Structures are given as structure tokens and as C-alpha cells.
Amino acid sequence: MIKDNLVFAVEKSTLRIFIIGEITHKTVAKMREKIDGKIGELSPKKVVLDLSQLNFMDSSGVGLIISRKRALQEIPAELVIENPSTPIFKLLKAAGVDQIIKIGDPI
């Protein structure tokens with residue numbers, strides 16, 4: 001089992017966040033805290049959520065993504081989602097996330 005479900009990488013003024021495993025109501029608060037801490041530390045111009053290793057996400061994950069979008073507007077910084085699986089991509093589209101955040105093609 002993966003102990004930490006977030007991996008951060010910095011590329012110039014872009015913060016890339018790899019989300020690994022699952023986002024559920026049990027994990028979302030700690031994930032939000034870690035993401036917000038890293039964003040506060042770095043003040044990036046762009047944040048990329050790489051979902052290539054995300055296996056499952058419930059509605060709390062959708063809430064996490066939308067709330068990070070709102071928080072990043074304060075900096076201001078752009079939020080982009082990359083590499084979602086087909087089921088995650090469908091969930092994000094069904095929730096209307098694609099209307100407010102750029103989402104890359106599913107893998």
C-alpha cells in the first residue's frame with residue numbers, strides 16, 4: 001500500500017501534483033491540507049493535477065478539485081487536469097468540471 005498518495009514536482013513556475021490511489025471522504029481533508037501547504041509555499045503560476053495513477057474518486061474528490069480551482073484564482077494561478085482514466089474523465093464531465101477546468105484526454 002502506498003503511504004503517501006500525493007507526489008509533488010516543480011517545473012519552473014508549474015507545480016505538478018500526482019494523485020495516487022483514491023480520493024474519498026476519508027482522505028480528502030489531509031490531501032487538501034498538503035496541497036494547500038505546497039501551493040502556499042511555492043505560489044505557482046500553474047498547477048497540474050496528474051490523475052494517471054488515480055484509481056477511484058468519489059464526489060469529495062470533485063469537491064477537492066473545484067475548491068482548489070477557487071483557491072488558485074486568488075493567487076492567481078491556472079489549474080489543469082491531465083491523464084485521467086476514462087471512468088474519472090466521465091465522472092468529471094458528468095459533474096461539469098470540464099466547464100471550469102481544462103481536462104486533458106483520458107488515458
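From the phi of every residue in the range 75-90, what ³J(HN,Hα) in whole Hz does the Karplus formula 6.51 cos²θ - 1.76 cosθ + 1.60 yield, where θ is phi - 60° and glycine or proline is x?
Residue by residue, the range 75-90 yields 6, x, 8, 8, 10, 10, 10, 10, 6, x, 5, 4, x, 5, 4, 5 Hz.
Just rank S85, S59, fewest to most, by other beta-carbon atoms within 10 angstrom. Please report the intermediate quantities before stating the final value.
Numbers: S85 17, S59 13.
Starting with the residue having the fewest Cβ neighbours, the order is S59, S85.
For a quick check, take a GNM of the chain with Cα springs below 10 Å and name the residue from A94, A71, A29 with the largest mean-square fluctuation.
A94
Compute, for the range 25-107, the length of the dipole vector about the Cα centre, with Cβ point charges of +1 (Lys, Arg) and -1 (Asp, Glu) only. Units Debye, rounded to 20.
On the way: 13 positive and 10 negative charges, 28 e Å.
I would put it at about 140 debye.
So for the pair E33, E74, with labels modelled 7 Å out along Cα→Cβ, what separation do we get in nm?
1.8
Would you compute, from DSSP H runs of 4+ residues alone, the mean residue ellipticity of the chain at 222 nm, taking -39500 (n - 2.57) per run and dividing by the full residue count, rounded to the nearest 500?
Working: 3 runs with 39 residues, N = 107.
After summing the helix terms and dividing by residue count, I get -11500 deg cm²/dmol.
Got a sec to turn the phi values of the range 39-53 into Karplus ³J(HN,Hα) couplings, 6.51 cos²θ - 1.76 cosθ + 1.60 with θ = phi - 60°, whole Hz, x for Gly and Pro?
These are the phi-based 3J(HN,Hα) values: 5, x, 5, 9, 6, x, 7, 9, 10, 10, 8, 8, 9, 4, 10 Hz.
No value in this document is a laboratory result; all are computed from the given coordinates. Remember, it's a predicted structure, so these values are computed and weren't measured experimentally. Glycine gets a Cβ as well: all are built from the backbone with ideal geometry, and neighbour counts include every protein chain shown.
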